[in-house]
Amino acid sequence: MIFGNCPVARIILEIRTLYICCQVLLACDDPRADQIIEKTYNLVQEYAAKIQSEDFRESFLNNVPWHRGIREMWEAEQENKKIT
């Protein structure tokens, strides 16, 4: 395995993979997109909550493109729920 026993690298790869899945589901207008976005967003938040350093947590949430992308998808879904 490329990342061996590096838990941070595994987490980042896992979330990136889920982010790509979310993009594909949205592009295909798949009804499962909402559920996967919600679960992925919650997973990112769960991992972020375990980071003790506020600066590192902020970086984890905002400087990693797919973490930021997940949040943006989730926010868009929340906005869509308000409209409907």
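Structural remarks
- Straight-distance candidates among the aspartates and glutamates for linking to LYS50, with alpha-carbon spacing under 16 Å and chain neighbours fewer than 8 residues away dropped: GLU58.
- Loop exposure criterion: trypsin sites (Lys or Arg not before Pro), DSSP state outside H, G, I, E and B, at most 12 other Cβ atoms within 10 Å. Applied to the chain, the longest stretch between such sites is 51-84.
- Fewest-first sequence of ASP30, ASP55 by Cβ atoms within 10 Å of each Cβ: ASP55, ASP30
- The chain: DSSP helices with Cα axial extent of at least 20 Å and average Kyte-Doolittle hydropathy no lower than 1.0: 7-27
- Under the simplified labelling scheme, the GLN35-ASN63 pair shows an inter-label distance of 3.6 nm, with each label point 7 Å from Cα along Cα→Cβ.
- All Cα pairs of the chain, percent lying beyond 20 Å: 36 percent
- The order of ILE20, ILE51, ILE37, going from fewest to most other C-beta atoms within 10 Å of their C-beta, is ILE20, ILE51, ILE37.
- Local electrostatic count at TRP66 - Lys and Arg +1, Asp and Glu -1, tallied over other residues with Cβ under 13 Å: +1
A short reminder: the numbers here are calculations on the coordinates, not readings from a lab. Keep in mind that what you see is a predicted model, and the values were worked out from it rather than measured. A quick note on method: Cβ atoms are made from the backbone with ideal geometry, for glycine too, and the neighbour counts reach across all protein chains shown.
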